[in-house]
Amino acid sequence: MDFLALKDIAERYMEVVNPTSPEKLLAAGQAAGLRPGQQVVDYGCGYGEMLALWAEHFGIGGLGLDLRPNACQRARQKMSERGLAGRIEIVCANGRDYPVRLGHYDVATCIGATFIWPDLPAALRALKEKIKPTGRLVIGEAYWRRSQAPPEYVRGESTILTEYEVLQTIRQGGFELNWVRHAGREEWDRYESGNWEGLLGWLAENPDHPERQDVLTHLRETQDEYTRYGREYFGWALYVLRPIID
């Protein structure tokens, strides 16, 4: 089964699809200085929960981009149900190719989806092009908690950096690190087990599906990875970045 289809199944019960919380997303918005009327572009917006929260609490408008039709449909429905459809546009497209207006946005975000570009430096360059000179970036990024992770695990995550390397990349990209909040153990457990719940729910509902074994294999691989490696070696954080002041 296609990986994006597996993600649709795994996230069927989830709204925040990273190891963080609505409270931290709101704190990131406050740290980014969001104000009524400002415009935000969110790459890999998923089900639009962060944009909806920011629109409700800070009065922003903006654009959310995601590749998955299912995610876009859910995000649009959410905006409609919460009275935000006139302020938040959801576009189903590959964010790397979609012609987003340059220098227009007050804040550009990419939460857990910088893989849209080849690596973090490329992601920062692309996001920087979209913001005003005094704009902010908000990114959610994975990092190695230890520099010596098991080689068999590292091989499958070749673009992941240590957090010190993330910091240096931020500076080299023309930004200062303004604010950070790290994922805690409970947030990781919520995120991982939320995915397992979605996969298990689908398996129970589809005992005769021809691709059932793919879903079961994905479930067990993610559980094995988390319990064997991820819990110990993998970190994740929300970062708010501001341009370097010369």
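The values are calculated or read from the model by the stated rules, or taken from the named source; none is laboratory data. Computed from a predicted structure; not experimentally measured. Methodologically, a virtual Cβ is constructed for each residue, glycine included, from the backbone with ideal geometry; neighbour enumeration extends over all protein chains shown. Quick note on the areas: whole protein, heavy atoms, side chains included, nothing else; ligands and nucleic acids left out. Shrake-Rupley method; radii C 1.70, N 1.55, O 1.52, S 1.80 Å.
Sequence-distant or interchain residues sharing an amide H contact under 5 Å with Gly64, placed H: which?
Asp42, Glu89, Ile90, Val91
Specify whether the C-alpha gyration tensor of the range 198-246 places it in the rounded, prolate or oblate class, a ≥ b ≥ c being the square roots of the eigenvalues: rounded for a/c under 1.5, otherwise prolate if a/b is larger than b/c and oblate if not.
Judged from the Cα gyration tensor, the range 198-246 comes out prolate (a/c at least 1.5, a/b above b/c).
Near Lys78, which lysines are there with a Cα under 19 Å away, not counting those fewer than 8 places off in the same chain?
Of all the lysines, those that pass the test against Lys78 - Cα under 19 Å, at least 8 places apart if same chain - are Lys7.
Ignoring any ligand, DNA or RNA, what whole percent of the accessible area of the range 1-102 comes from carbon and sulfur when the probe is 1.4 angstrom?
Accessible surface attributable to carbon and sulfur in the range 1-102 totals 50 percent.
Under a Cβ-Cβ limit of 4.7 Å, which cysteines in the chain have nobody to pair with?
Cys45, Cys110
Can you run phi through the Karplus equation (6.51, -1.76, 1.60; θ = phi - 60°) for the range 15-27 and list ³J(HN,Hα) in whole Hz, with x for Gly and Pro?
Karplus-based 3J(HN,Hα) across the range 15-27 equals 10, 9, 10, 8, x, 9, 9, x, 4, 6, 5, 5, 5 Hz.
Whole Å is fine, so just give me how far the alpha carbon centre of the range 172-237 lies from that of the range 81-112.
If you average the Cα positions of each part, the centres end up 25 Å apart.
Out of all DSSP beta bridges in the chain, what portion is antiparallel? Express it as a percent rounded to 5.
Approximately 40 percent, going by the DSSP bridge assignments.
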